[in-house]
Protein chains: 2
Amino acid sequence: MKNLFKCKIICLFSTLLFIQVAIAQSNASFVPAASNITGAEYPKVSDDLRVYLRIKAPLADKVQLAGSLLPTSDPVDLKKDADGNWTLITPPIVPGFHYYWFLVDGVQVNDPGCDTYHGWAKPTSGIEIPTKGEDFFMPKNVPHGDVREHWYFSDITGKWRRAFVYTPAEYETNPDKEYPILYLLHGSGENERGWSLQGHMSFIMDNLIASQKATPMVIVMDNGYAEAKDPAAYPQNAASWNSRSAVLADVYVKEIIPSMESSYRIKPGRENRAMAGLSMGGGQTAVIGLNHPELFSSLGFFSAGGVSVDSVADPNAYGGLFSDGASFNDKIKVFWFGVGTEEPALITKNAALKKEFEKKGIKATFYESQGTAHEWHTWRRCLNEFAPLLFK
Amino acid sequence: MKNLFKCKIICLFSTLLFIQVAIAQSNASFVPAASNITGAEYPKVSDDLRVYLRIKAPLADKVQLAGSLLPTSDPVDLKKDADGNWTLITPPIVPGFHYYWFLVDGVQVNDPGCDTYHGWAKPTSGIEIPTKGEDFFMPKNVPHGDVREHWYFSDITGKWRRAFVYTPAEYETNPDKEYPILYLLHGSGENERGWSLQGHMSFIMDNLIASQKATPMVIVMDNGYAEAKDPAAYPQNAASWNSRSAVLADVYVKEIIPSMESSYRIKPGRENRAMAGLSMGGGQTAVIGLNHPELFSSLGFFSAGGVSVDSVADPNAYGGLFSDGASFNDKIKVFWFGVGTEEPALITKNAALKKEFEKKGIKATFYESQGTAHEWHTWRRCLNEFAPLLFK
């Protein structure tokens, strides 16, 4: 309780500091955010990455900002002007893509200036805070691959499911060529559109492939949620992480992988198959990938807690996969861990993991995205670093 | 003014009637709408197609329903219960897909139970009211085509643009085959995702192609808005319909069509090219298609005012295209007009058009979608009737 109180005081102090900073610097030039819908004036972003938010709610008593734009966990109040507009100028925001929404007298309201994105398990507003001098994730004058909406029926869930499938530009003009495949998983509360919409994955891959940094590959982005039609087939508590992961693992092994390999020109075999995921998707990559080394030869974990130090130390975890370093290195060609420097808990965790891997002689790659947090820009950079290592 | 007052009285009366009907029938069984996000209990739909709406807003003074779910133009009040939930049970709703949102003390709030769709020029809630006994637009156990996200740079607008492109299931396994192409346009306030998301176009085409009712074809769904980078190149007032249509026509003729024909395996020539659009998209089909008979051989108008009786009567309109019936029929193989029976103004307009066509000896097909209004189910049925006529 004492710590909670301390945290609240710090939050309150931070909030007051935000407002003071905002007032002191409110003369800077603001331009509409790159992510705004056509013609929307607000939200605006300044040169020094402060965000100017505005929403009209003349009858409201209180309007607050919520989501993950600000690092505070408590909603922050906006201020009402004479025209019934509520405004807030934030302090400089960590570059990248951030979900947010307003609370108008406690009711969630998305910003009318933004499109909505599936985050926090619901459609939410999102804003792009520019990362200066970086354009690896932007469309360029290079050949562009397609992101395809692919529907298939899942017997395990008893439902139609939708995957998005990236095929590289050259796929169209090489009708006899087969391609290696990467399964790319989204995070908690997100869905199968996340990697192409928030993640800009197609532009990242187009640019990597055009500059010959990455091998042309097919990339599958499916939904990270799967509920069994017959829960009795999965002995664990249906609501538990293990059970949900077991259902998803089955959907991958029995449905998604076969559906992709029969629908697209995919090179067969584990050496042509990789999996990577962000946050929750990294946890799922551990459950699916480490339990099926006969299916995957490369695994990536972006801002994820999926591989624990305890499991690496445990000679029986994942069928003994970690018990022998040389044998592990022989099986898993790319074993990759990325994180943003603004994710301190994961930085610490990855350091412990690295030490444990070294002890066991397990080869792994660690990457830190400078100045970014638990959000899509970290994961864009992770993909940009991870994809070039695959299928070489 | 007198008419306006009369209309308001009728609206008020209708609203009161709705509420009475709702109260009288509130014991019927309601189930979550098919369009709800996973796990959302509300909105619900009853067997007799009434909708039960609910949103929590304990601090609000007034919550209303707006959009196009109800046929009234004025927002309709919800009623607050002891738990701070606001509810409304509507009278039976016309089957199909309807956009709506709440006004919470005047602020637009989307229903937390729905996904958002781009309608009314912003992300809005949408609900599917079941059309009993119809499944032509649902996914079935047939080969499925892909809907591909395709990016290209537009010199005319100075921007990257996104099109969605449907390729039939067999496209993947016939690497030497070329396909005819249909350009399919959305309505006002919508965007390039409308036809695949709200319109279910891929399922409609998969089903038609699998049952050999339609020729396998590629279908392009681009954005219906285009602003010139250099407005001086377009002499009309930049904000006018004519100018905006002229820019879009240029984007089609100089950029979209060439980009599609260089990116996909498309049969060349006007006889393999069709265009159709709904509402505003029908108007654009008239501007683009009738001005370019050298490019298109079939045109479809879904709930659209695009082709006017005056223009058909005018021997100079569209370069004299309508001046000779036999010559017109020789050029335009499928000239198709569809409308919902719940769109009285367009029913009247199409009747006048039919008469004028008969007078001129112009062959055209007219279709009426029974019991549907100016919404996506009318347009799904239009596509289902129109597509089988193409490229025969």
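The values are calculated or read from the model by the stated rules, or taken from the named source; none is laboratory data. On a predicted model such as this, the values are computed, not experimentally measured, just so you know. Counting neighbours? That spans all protein chains shown, and the Cβs are built from the backbone with ideal geometry, glycine included. Protein only, heavy atoms only, side chains kept; ligands, DNA and RNA dropped before computing areas. Shrake-Rupley method; radii C 1.70, N 1.55, O 1.52, S 1.80 Å.
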Relative contact order (percent, whole number), segment B:193-282, Cα cutoff 8 Å, 6+ residue spacing: 17 percent
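May I ask you to order A:197-210, A:370-383, B:347-360 by the average number of other C-beta atoms within 10 Å around their residues, highest value first? Mind dumping the intermediate values first?
Numbers: A:197-210: 22.7, A:370-383: 24.4, B:347-360: 15.7.
In decreasing order of mean packing, A:197-210, A:370-383, B:347-360 become A:370-383, A:197-210, B:347-360.
Quote the total accessible area buried by chains B and A together, excluding ligands, DNA and RNA, probe 1.4 Å, nearest 100 Å². Kindly include the intermediate steps, with their values, before the conclusion.
Details: alone 18070 and 18060 Å², together 33070 Å².
Its buried surface, counting both partners, is about 3100 Å².
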Going through segment B:195-291, which trypsin sites (Lys or Arg not before Pro) have at most 15 other Cβ atoms within 10 Å and a DSSP loop state? B:Lys213, B:Lys229
How many partner chain Cβ atoms sit within 10 Å of a residue's Cβ in peptide B:140-149, on average, as a whole number? 6
With no solvent and one point per C-alpha, what does the Debye sum give as log10 I(q)/I(0) for segment B:259-321 at q = 0.11, 0.24 Å⁻¹? -0.28, -1.01
In whole percents, the bins of 10 Å from zero upward hold the Cα-Cα pairs of the protein assembly as shown as 2, 12, 21, 25, 21, 13, 4, 1, 0
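Enter the accessible area per residue of chain A (Å², integer; probe 1.4 Å; all protein chains in place). Let's see the in-between values first.
Values: 16530 Å² over 392 residues.
In whole numbers, chain A has 42 Å² accessible per residue.
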Nearest-ten-degree value, helix B:344-360 long axis tilted from longest Cα axis of chain B: 20 degrees
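Using a Förster distance of 56 angstrom, determine the FRET efficiency expected from the C-beta separation of A:Lys213 and A:Asp314, and round it to 0.05. Write down the numbers at each step before the final one.
Values: r = 37 Å, r/R0 = 0.65.
So the FRET efficiency works out to roughly 0.95.
Over the alpha-carbon set of chain B, divide Rg by the Kirkwood Rh and report the Rg/Rh ratio to two decimals.
Details: Rg = 22.4 Å, Rh = 22.5 Å.
For chain B, the value is 0.99.
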Amide H neighbours of A:Trp160 under 5 Å, counting only residues 5+ apart in sequence or on other chains, H built in-plane at 1.01 Å? A:Ser154
Which angle from 0 to 90°, rounded to the nearest 10, does the C-alpha axis of helix B:376-386 make with the longest principal axis of chain B? 30 degrees
Using bins 10 angstrom wide from zero, how does P(r) for segment B:236-392 break down, in % of all Cα pairs? 11, 39, 37, 13, 0
FRET efficiency, B:Glu261 to A:Asp230 (Cβ-Cβ, R0 45 Å, nearest 0.05): 0.40
Semi-axes of segment A:37-188's equivalent ellipsoid from the Cα gyration tensor, sqrt of 5 times each eigenvalue, largest first, rounded to whole Å? 38, 21, 13
Rounded to whole Å and sorted largest first, what semi-axes of the equivalent ellipsoid does the C-alpha gyration tensor of segment A:154-310 yield via the square root of 5 times each eigenvalue? 26, 17, 15
How big is the Cα convex hull of segment A:302-392 in projection, averaged over all directions, in nm²? 5.7 nm²
Distance in Å, no decimals, from the C-alpha centre of segment A:187-210 to the one of segment B:190-257 is 25 Å
Ignoring ligands, DNA and RNA, what percent of the accessible area of segment A:319-392 is carbon or sulfur (1.4 Å)? 52 percent
Quick one: the Cα spread of segment A:141-241 along its three principal axes, in angstroms, biggest first? 50, 29, 18
In Å², nearest 10: area of B:Ile156 left accessible to a 1.4 Å probe: 30 Å²
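Rank these residues by their accessible area, most exposed first, probe 1.4 Å: B:Glu271, A:Glu190. Show your work: numbers first, answer last.
Working: B:Glu271 110, A:Glu190 10 Å².
So the residues, ranked largest to smallest area, are B:Glu271, A:Glu190.
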What's the long-distance tail for segment A:82-164, i.e. % of Cα pairs beyond 19 Å? 65 percent
Within segment A:229-299, list the chymotrypsin sites (Phe, Trp or Tyr not before Pro) lying in a DSSP loop whose Cβ has at most 10 other Cβ atoms in a 10 Å radius. none
So if R0 is 45 Å, what FRET efficiency would B:Thr38 and A:Asp330 give, r being the distance between their Cβ atoms, rounded to the nearest 0.05? 0.65
Taking Cα pairs under 8 Å and at least six residues apart, what relative contact order does chain A come out at, in percent? 12 percent
In whole µm²/s, the translational diffusion coefficient that Stokes-Einstein assigns to segment B:179-227, given a Kirkwood hydrodynamic radius over C-alpha pairs, 4 °C and 1.567 mPa s, equals 111 µm²/s
Do me a favour and compute the ellipsoid semi-axes for segment A:317-363 from its Cα gyration tensor, root of five times each eigenvalue, largest one first, whole Å. 23, 11, 9
Net charge of neighbours whose Cβ lies under 12 Å from the Cβ of A:His292, counting Lys and Arg as +1 and Asp and Glu as -1: +2
For chain A, find the longest principal axis of its Cα atoms and tell me its angle to the long axis of helix A:2-24, 0 to 90°, nearest 10. 60 degrees
Treating the point 7 Å from Cα along Cα-beta-carbon as the label, what are the nm separations from A:Asp330 to the other copies, to one decimal? 7.8
For B:Leu69, residues with placed amide H under 5 Å, excluding near neighbours: none
Starting from the 7 Å offset along Cα-to-Cβ, what nm value, one decimal, do you get for the label separation of A:Phe153 and B:Ile347? 3.8 nm
Could you pull the copy-to-copy label distances for A:Lys80, with points set 7 Å along Cα to Cβ, in nm to one decimal and sorted shortest first? 1.6
Nm distances between the label at B:Pro235 and the same-position labels in the remaining copies, 7 Å along Cα→Cβ, shortest first? 8.1
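Per-residue Cβ counts within 10 Å, from other chains only, averaged over A:113-126: what number is that?
Values: counts 1, 2, 5, 8, 2, 3, 0, 0, 3, 8, 10, 1, 1, 0.
So the per-residue partner count for this stretch is 3.
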Pairs of alpha-carbon atoms within less than 8 angstrom and 6+ residues apart define the contacts here; what relative contact order does segment B:313-392 have, in percent? 33 percent
How are the C-alpha pair distances of segment B:148-200 spread across 10 Å bins, as whole percents from the shortest bin up? 19, 42, 32, 7
Which residue is it, in chain B, whose C-beta lies closest to the B-to-A rotation axis, and what is that distance in whole Å? B:Pro175, 2
Of B:Leu346, B:Val51, A:Ile129, whose Cα points farthest to the positive end of the dipole of the protein assembly as shown (charges on the beta-carbon: +1 Lys, Arg; -1 Asp, Glu; origin at the Cα centre)? B:Val51
